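The values are calculated or read from the model by the stated rules, or taken from the named source; none is laboratory data. Source: prediction; values computed, not measured. Backbone-built Cβ (ideal geometry, glycine too); neighbour counts: all protein chains shown. The area values use the complete protein model at the heavy-atom level, side chains included, leaving out ligands, DNA and RNA. Shrake-Rupley method; radii C 1.70, N 1.55, O 1.52, S 1.80 Å.
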Amino acid sequence: GNMYFIFSQDFIYHSGTSCSNIKGIYSSFHFVSFPFAVLNVLTGAMMADIIQYDTITTGVNQEGIFGAARSFIVKMGNSLAIMIIPSLIVTGAVEENVGILGLKLTAVAGSIFCILAILVLLQYKESDVLQAIEAGKGEVK
């Protein structure tokens, strides 16, 4: 997914404004959105499993705390994106508002953050959580 993101940024940079290039640009956006959609869907499913696991192991249902923590983390991520991306976009801009180097740096930054997110998600031991959930069904402490 990250390579598609970089490819689409490069494609936009090297393409002109002809109709065939615009169709190519719009078709590449479908590939760019896939990794971001996967990251959002997976985190929701993982959170549901973790909430159920926590309820079984502690005997206390804390869905609200988990929801608030996830909401806070998402808002922090959005705040960082709002600060970082505009700063990168103006990098290299001389007379225009957007610099070509800045656009390329946004692709690199997006790729780095996606790779970091994947590394964090790989730490999740789904089999252990699901085994604990299955073993503890019906016996909440």
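When Val74 is tested against (1) farther than 20 Å from Gln52 by Cα; (2) touching a residue at least 12 places away in the same chain (Cβ under 8 Å), exactly one condition is not met: (2).
For the residues Leu80, Leu119, Leu101, the requirement of being out of contact with any helix residue (DSSP H, G or I) (no Cβ under 8 Å at 6 or more places or on another chain) and surrounded by fewer than 10 Cβ atoms within 10 Å (Cβ to Cβ) singles out Leu119. Only one of the numbered conditions (1) at pLDDT below 90; (2) within 22 Å of Leu39 (Cβ to Cβ); (3) aliphatic (A, V, I, L, M); (4) open to solvent by less than 60 Å² (accessible area, probe 1.4 Å) is not met by Ala93, and that is (2). Checked against the criterion of being farther than 29 Å from Gly136 by Cβ, of a type in the set (A, V, I, L, M, F, W, C), at pLDDT 90 or above and open to solvent by 60 Å² or more (accessible area, probe 1.4 Å), the stretch 58-67 has no qualifying residue.
Kindly evaluate Ser87 against the criterion of being assigned to a helix (DSSP H, G or I) and loosely packed, with under 10 Cβ neighbours inside 10 Å. No. Could you go through the stretch 101-117 and let me know if any residue there is of a type in the set (S, T, N, Q), assigned to a helix (DSSP H, G or I) and modelled with pLDDT of 85 or more. Looking for residues that are of a type in the set (S, T, N, Q), assigned to a helix (DSSP H, G or I) and modelled with pLDDT of 85 or more, one finds none in the stretch 101-117, hence no.
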